[in-house]
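The values are calculated or read from the model by the stated rules, or taken from the named source; none is laboratory data. Bear in mind the structure is a predicted one, so any value in this text is a computation, not a measurement. Cβ placement follows ideal geometry from the backbone for every residue including glycine, while neighbour counts extend to all protein chains displayed.
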Amino acid sequence: MKYGEKMVNEFDINNDLELWDNPNSENDYEVNISLPEFTALCPRSGYPDFATINIGYIPEKKVVELKALKLYINSFRNRYISHEAAANEIYNALCAALKPRSLKLSADFSPRGNVHTIIIIDSQKQIK
């Protein structure tokens, strides 16, 4: 196993998602991250699903370290998970870890079988 495979396969969201202190927490600023190489496996067929994950958040006290986020996203590649479940799992994990002022995630899945799915979760539009 190559070192990159080992890092992805052993990634544990509870221990390995590195967060940094936000040195500008007095400011409201948005962090936008695009991860265009998301892959997971369809839980029904086993075919690969591909997506671009876009994350936008206004940090409070913490920001996410980008390499750790990349490893987390790559850890889905051998998992059987639906589009909706993957998007919600990523959103929930980032909300729990960062506790941001706001968070928006979109998962834009590549068309397969004449179906194009985009999952959008936005803390500003959630019914509390």
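Some observations on this one:
- Helices (runs of 4 or more DSSP H) (entirely within region 1-86) containing at least 2 residues that are in contact (Cβ under 8 Å) with a residue 24 or more places away in the chain and either of a type in the set (Lys, Arg) or touching a strand residue (DSSP E or B) at 6+ places or on another chain (Cβ under 8 Å) (or both): 66-74
- Of the residues 81, 58, 73, the single one that is of a type in the set (A, V, I, L, M), closer than 20 Å to residue 5 by Cβ and in contact with a Pro (Cβ under 9 Å, 6 or more places away or on another chain) is 81.
- Considering residues of region 73-128 that are surrounded by 14 or more Cβ atoms within 10 Å (Cβ to Cβ), of a type in the set (Lys, Arg) and closer than 15 Å to residue 48 by Cα only, the residue modelled with the highest pLDDT: 77
- Residue 50 being of a type in the set (Phe, Trp, Tyr) and either surrounded by 15 or more Cβ atoms within 10 Å (Cβ to Cβ) or at pLDDT below 95 (or both): no
- If only residues of region 87-119 that are free of Cβ contacts under 8 Å to residues at least 24 places away in the same chain and not in a loop (DSSP other than H, G, I, E, B) are counted, the one that is nearest to residue 6 (Cα to Cα) is 89.
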